[in-house]
Structures are given as structure tokens and as C-alpha cells.
Amino acid sequence: MDICFRRGDDLHRAAQLTFKNMHQYYQQFAPAWDVAKVFEVTKNLKNYDLLFQGEVAGIMRLQFEADCCYLRDLQVTPTLQNKGIGNAAIHEAKRQALDAKMNTVQLRVF
């Protein structure tokens, strides 16, 4: 399986993917959210493109605080889901936490 990661350089594209994937949730629970709001709240996180067979397949966002690595967001393009990309991203978050000498990885959402 050809999955790799790189620092995200197109944060607007990443915000669009997040908004598209989360649109129904935002409609119901956070109707004021739009692509600009997603961009604003994620731009200072560590954004990583998830690459599948050389193409951007999603985004992972991490935040490091004290002794914890927070997995703040994980989005995979719907047509590429169920190919192990999310699983690989979680393993990458663990690896990065260990490299940063963090002893915990936690999921933190809304």
C-alpha cells in the first residue's frame, strides 16, 4: 500500500475537504461554520497531507501541548475511504508523538 505523509501546504484545499466531509454535521450542530471558519481554526495546527499512490487523499491535523499529541482532525476523501489511509494516519500520529517525546496521543474534536 502506497500511503505517505507530508506537511500540508494548501490549507485552503484542506479546509474545503474538511467542510465537504463534515457538511451534514455542520448543518445540524454548527450552522455558522463555513470553509473560512474551518481554515481559521485549523491554520495553526500541524497540517499533514495524506498521500495515497502519490495523490492527496486527505488531511491530518495534530497539536502538541505539554506531554500530549492531540489528533485534532482526520479527513479522507470519500472515494478513497476504506483503503487503510486513516489507520496509517493514526500510526503516523503515534510515531510523531514518540519522536516528540510525548507520552500520550488523544483525539480532540469540537
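The values are calculated or read from the model by the stated rules, or taken from the named source; none is laboratory data. Keep in mind it's a predicted model, so treat the numbers as computed, not measured. Note that each Cβ is placed from the backbone with ideal geometry, even for glycine, and that neighbours are counted across all protein chains shown.
Checked against the criterion of being under 18 Å from His91 (Cβ atoms) and out of contact with any helix residue (DSSP H, G or I) (no Cβ under 8 Å at 6 or more places or on another chain), the candidates Arg61, Arg13, Arg6 yield just one match: Arg6. Of all residues in region 1-23, none satisfies the criterion of being among the small types (Gly, Ala, Ser), touching a residue at least 40 places away in the same chain (Cβ under 8 Å) and over 16 Å from Ile85 (Cβ atoms). Restricting region 52-110 to residues that are assigned to a loop (DSSP other than H, G, I, E, B) and among the small types (Gly, Ala, Ser), the residue that is nearest to the chain's Cα centre (by Cα) is Gly84. Taking the numbered list (1) farther than 17 Å from Val109 by Cβ; (2) modelled with pLDDT of 95 or more in turn, Met1 passes all entries but (2).
Being free of Cβ contacts under 8 Å to residues at least 60 places away in the same chain, over 19 Å from Val41 (Cβ atoms) and either in contact with an Asp or Glu (Cβ under 8 Å, 6 or more places away or on another chain) or surrounded by fewer than 20 Cβ atoms within 10 Å (Cβ to Cβ) (or both) holds for only one residue in Gln63, Gln106, Gln96, and it is Gln96.
Yes or no: region 24-42 includes at least one residue that is touching a residue at least 60 places away in the same chain (Cβ under 8 Å), in a helix (DSSP H, G or I) and surrounded by 11 or more Cβ atoms within 10 Å (Cβ to Cβ). No: region 24-42 contains no residue that is touching a residue at least 60 places away in the same chain (Cβ under 8 Å), in a helix (DSSP H, G or I) and surrounded by 11 or more Cβ atoms within 10 Å (Cβ to Cβ).
Within region 67-110, the set of residues being at pLDDT below 95, of a type in the set (D, E, K, R) and closer than 18 Å to Thr18 by Cβ comprises just one member, Arg108. For region 94-106, the condition of being among the β-branched types (Val, Ile, Thr) and under 18 Å from Ala14 (Cβ atoms) holds for none of the residues.
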